[in-house]
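Asker: Have a look at the structure that comes next, please.
The values are calculated or read from the model by the stated rules, or taken from the named source; none is laboratory data. Owing to the predicted nature of the structure, the values given are computational and were not obtained by experimental measurement. Every residue, glycine among them, receives a Cβ derived from its backbone with ideal geometry; neighbour counts consider all protein chains shown.
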Amino acid sequence: MQRTGISGVVLGAATALGLVAGPALAQDPITVGVSWFKFADERWVIDEAGIKSVLEEAGAEYISADANFSPEKSVADIENLITRGADVLIVMSGVADAVGPVVNRALAEGIPVVAYDQLIEVPGTFYVSFDARSVGQELANGMLEVAPEGNYAIIKGDDGDPNTHQMFGAYQQVMQPKYDAGEITVVGEQFIDGWRPETAKDTIEQILTANDNDVDAVMVMNDGMASGVAQALEEQGLDIPLSGQDGAPGALNRIARGQQTFTIWKNAFDLGAKAAEVALQLAEGNEVEGAGTFDGGPQGVELDAILLPVERIDATNLDRTVDVGWATVDRICAGVGDNAPAICQ
């Protein structure tokens, strides 16, 4: 049987907004330990708010640590969260292979682990994320709408992050006919360690130099890296299509200002809330409502999972993010000049 990778796992918008009830807490409050890999990115403040909103309502305790892009510190942080008494862990791994052994240790000690937004292929973990294949497909479809031919540069995420490969595989499937027809040529392609914006900026500068600025579009896998790429393009006076992913407020502002073409919006508040609900249910030993299975990672490990849907946002539908309270008009439209999108007029 051909593996689909996802089984009964992508939730609709209503469920994504947290309609699955959390468990009743025991008398002693549950302690939820959250290990962040790169909290400096503006998106993760939103994820944290979603997590805290559920934990506070449930009377649970939140403890956390930030690895600041260091796989070694990520491992130490998880060990420290266990020592501090975490009853359940939410782990944003950054580099999944690095944290595998300590995740195994936690599970062996009876501490449930939620792999948060980035896959950890350790049997027994619960995967909560967005549908990475849909992200890749939407990145490709969005780029083809604005740049159906020409020279492409591709700025990918960390090579050690399974999400990078899931997204890129889906992206390539959509783009392959264009490659085969000779309509699109990839003139530069690079993984970015830690998804670092400054590394993405340096990389696109090198690609531009190598090609005498003859680049017609840049596919970037997330908004943090897109911020660095946008700066490099502006410095070179280039106004070309640029993608991103996450729907970070800064990216929405760049879209309104014409510095980024679109982003794949991932409602991180909802994701954080869902992860917290799952963590509480696991800590109580309860079955997680709405869970499916996922086995689409590089190693094919089958995990219980919940994946949330994504949406492409460009200058024509920025209001979608305002309608649900994700962003404000003032934040989106700050510094917007001539040719402002409708939301800023």
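Asker: Look through SER70, SER7, SER53, SER35 and report the one residue that is at pLDDT 80 or above, closer than 27 Å to GLN299 by Cα, surrounded by fewer than 18 Cβ atoms within 10 Å (Cβ to Cβ) and not β-branched (Val, Ile, Thr).
Answerer: SER70
Asker: Would you check which residues across segment 82-132 are crowded, with 24+ Cβ neighbours inside 10 Å, hydroxyl-bearing (Ser, Thr, Tyr) and either without any contact (Cβ under 8 Å) to a residue 60 or more places away in the chain or part of a loop (DSSP other than H, G, I, E, B) (or both) and list them?
Answerer: Within segment 82-132, SER93, THR125 meet the criteria.
Asker: Name the one entry in GLY272, GLY296 that is at pLDDT below 95 and either of a type in the set (Asp, Glu) or surrounded by 21 or more Cβ atoms within 10 Å (Cβ to Cβ) (or both). Spell out how you get there, then give the answer.
Answerer: Details: GLY272 fails: at pLDDT below 95.
Going through GLY272, GLY296 in turn, just one is at pLDDT below 95 and either of a type in the set (Asp, Glu) or surrounded by 21 or more Cβ atoms within 10 Å (Cβ to Cβ) (or both): GLY296.
Asker: Here is a follow-up. Can we say ILE78 is under 19 Å from GLY272 (Cβ atoms), surrounded by 22 or more Cβ atoms within 10 Å (Cβ to Cβ) and under 20 Å from the mean Cα position of the chain (by Cα)?
Answerer: Values: under 19 Å from GLY272 (Cβ atoms): yes; surrounded by 22 or more Cβ atoms within 10 Å (Cβ to Cβ): yes; under 20 Å from the mean Cα position of the chain (by Cα): no.
The answer is no for ILE78.
Asker: Restricting to segment 303-345, count the residues that are more than 16 Å from ALA251 (Cβ to Cβ) and buried (at least 16 other Cβ atoms within 10 Å of the Cβ).
Answerer: So the answer is 7.
Asker: On to the next question. Look through segment 277-330, keep the residues that are of a type in the set (S, T, N, Q) and in contact with a strand residue (DSSP E or B) (Cβ under 8 Å, 6 or more places away or on another chain), and return whichever of them is farthest from GLU56 (Cα to Cα). Working first, answer last.
Answerer: As a first pass, look at segment 277-330 and keep what is of a type in the set (S, T, N, Q): 281, 286, 293, 299, 316-317, 321, 328.
With the extra rule that they be in contact with a strand residue (DSSP E or B) (Cβ under 8 Å, 6 or more places away or on another chain), the set shrinks to 293, 321.
On the way: THR293: 28, THR321: 25 Å.
Looking at residues that are of a type in the set (S, T, N, Q) and in contact with a strand residue (DSSP E or B) (Cβ under 8 Å, 6 or more places away or on another chain), I get THR293.
The rows are residues; the columns are (1) closer than 30 Å to LEU55 by Cβ; (2) in the same structural domain as ALA170 (by TED's automatic domain parsing); (3) among the small types (Gly, Ala, Ser).
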site: GLY258; (1), (2), (3): no, yes, yes
site: LEU271; (1), (2), (3): yes, no, no
site: GLU277; (1), (2), (3): yes, no, no
site: GLY290; (1), (2), (3): yes, no, yes
site: TRP326; (1), (2), (3): yes, yes, no
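Asker: Here is a list: GLU61, GLU109, GLU48. Which entry is more than 27 Å from GLY169 (Cα to Cα), within 16 Å of the chain's Cα centre (by Cα) and either at pLDDT 95 or above or of a type outside the set (A, V, I, L, M) (or both)?
Answerer: On the way: GLU61 fails: within 16 Å of the chain's Cα centre (by Cα); GLU109 fails: within 16 Å of the chain's Cα centre (by Cα).
GLU48 is the lone residue from the list that is more than 27 Å from GLY169 (Cα to Cα), within 16 Å of the chain's Cα centre (by Cα) and either at pLDDT 95 or above or of a type outside the set (A, V, I, L, M) (or both).
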